[in-house]
1. State which residue pairs qualify: first residue in contact (Cβ under 8 Å) with a residue 24 or more places away in the chain and inside segment 1-19, second residue assigned to a loop (DSSP other than H, G, I, E, B) in any location, beta carbons under 6 Å apart, and separation of 6 or more residues or different chains.
2. Can you tell me which residues in segment 150-171 are polar (S, T, N, Q) and at pLDDT 85 or above?
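The values are calculated or read from the model by the stated rules, or taken from the named source; none is laboratory data. Because the structure is a prediction, the values reported are computed rather than measured. With ideal geometry, Cβ positions are generated from the backbone for all residues, glycine too; neighbour counts draw on all protein chains shown.
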Amino acid sequence: VSFTVEPAPHGSRSDLENSNFERLFKEVDVYVMELAGWRQEDLEDYRAVARGELTPDQFIAKRGQNRGEEKDTFTYAELEVLYKYGKGKYIVSADIPAESQLYSKIREALNKLGTLQMSNNNRNMFELWNIDVQYFNSIQKLREEYTISRLAKLTDYIQKGNITESDNKKDVKVNVFTGKAIYKLKSMPTGTFGVKNSKTIIIKKEDILK
């Protein structure tokens with residue numbers, strides 16, 4: 001199992017169109033979504049879009065939204081790519097689900113950042129802002145650690161042959177690494193992680209089909 005991580009802005013349609021998202025999506029067998037606060041219903045609807053059973057407009061309408069308001073969002077553009085090229089791909093999220101206590105903490109941290117009260121004392125205002133930002137960063141690091149643990153479980157799930165969407169027409173490359181190989185990218189303040197080295201194992205398609 002080989003994971004490709006594509007760090008990029010993801011707030012608008014133009015963010016997706018100016019990224020490698022569509023090209024990379026065409027190449028993968030499994031798409032792992034960044035979707036904090038996801039519910040099982042959301043995941044099943046994304047999978048239905050990928051299978052061509054639900055259009056992007058229908059997906060949006062199920063959530064009480066309309067295409068006119070959402071067509072310029074990253075999510076709508078993402079849905080269009082899933083609808084065009086998602087058949088035969090396994091769609092999953094390694095992000096924190098809605099019922100997680102960690103997700104509640106993320107919402108709390110975002111609310112703190114969004115409701116900072118202006119103060120006559122500029123120094124005090126920035127001190128409060130710094131405290132809130134540090135708290136948010138600490139929660140984001142926990143979120144990233146959770147995601148890494150979920151990716152490890154997903155790797156095991158794939159290796160055991162549980163992904164039925166793939167046509168199994170090619171060998172699978174598995175990158176194996178230990179916890180000691182994971183490092184934090186210093187340039188990313190919220191604590192994005194990378195892998196220094198890994199061992200590559202090729203699982204032959206004949207073994208997958210056994």
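1. Within 6 Å, the pairs are Arg13/Asp72; Asp15/Pro9.
2. Of everything in segment 150-171, just one residue is polar (S, T, N, Q) and at pLDDT 85 or above, namely Thr155.
Every residue, every condition in (1) of a type in the set (A, V, I, L, M, F, W, C); (2) at pLDDT below 95; (3) in contact with a Ser or Thr (Cβ under 9 Å, 6 or more places away or on another chain), yes or no:
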site: Tyr83; (1), (2), (3): no, no, yes
site: Tyr90; (1), (2), (3): no, yes, yes
site: Met118; (1), (2), (3): yes, yes, no
site: Asn121; (1), (2), (3): no, yes, no
site: Trp129; (1), (2), (3): yes, yes, no
site: Val133; (1), (2), (3): yes, yes, no
